Amino acid sequence: LRRHGMSAHSVVRSSGVGGVSGALMDGCREFGADLMVMGAYEHSKFREDILGGVTQDILEGAHLPVLMSH
């Protein structure tokens with residue numbers, strides 16, 4: 001990203017009560033983000049039903065625009 005004139009930094013945080021999707025959304029709120037860019041991956045329907053999925057959680061509960069790539 002730096003080569004393209006964008007600044008970026010990493011943040012390490014616990015997933016906590018809301019899981020990974022909750023941590024991502026909280027991070028967006030804290031940074032005042034106006035767009036989330038993320039990869040999208042889907043597991044089998046059975047696994048998603050049992051364990052849940054970050055992609056689906058973000059699609060259902062995002063409070064800002066999300067650009068996903070599969």
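Take the conditions (1) part of a helix (DSSP H, G or I); (2) among the hydroxyl-bearing types (Ser, Thr, Tyr); (3) at pLDDT below 85; SER21 misses just one of them, which is (3). Picking from residues in region 24-64 that are under 23 Å from LEU1 (Cα atoms) and open to solvent by 80 Å² or more (accessible area, probe 1.4 Å), the one that is modelled with the lowest pLDDT is TYR41. Close contacts from region 1-14, counting a first residue that is among the charged types (D, E, K, R) and a second that is open to solvent by less than 100 Å² (accessible area, probe 1.4 Å) and in a helix (DSSP H, G or I), with Cβ to Cβ under 9 Å and a gap of 6+ residues or different chains, come to ARG13/ALA23; ARG13/ASP26; ARG13/GLY27.
The values are calculated or read from the model by the stated rules, or taken from the named source; none is laboratory data. Computed from a predicted structure; not experimentally measured. Ideal geometry is used to build each Cβ from the backbone, glycine not excepted, and the neighbour counts take in all protein chains shown. Keep in mind that these areas ignore ligands, DNA and RNA; they rest on the heavy atoms of the full protein, side chains included. Shrake-Rupley method; radii C 1.70, N 1.55, O 1.52, S 1.80 Å.
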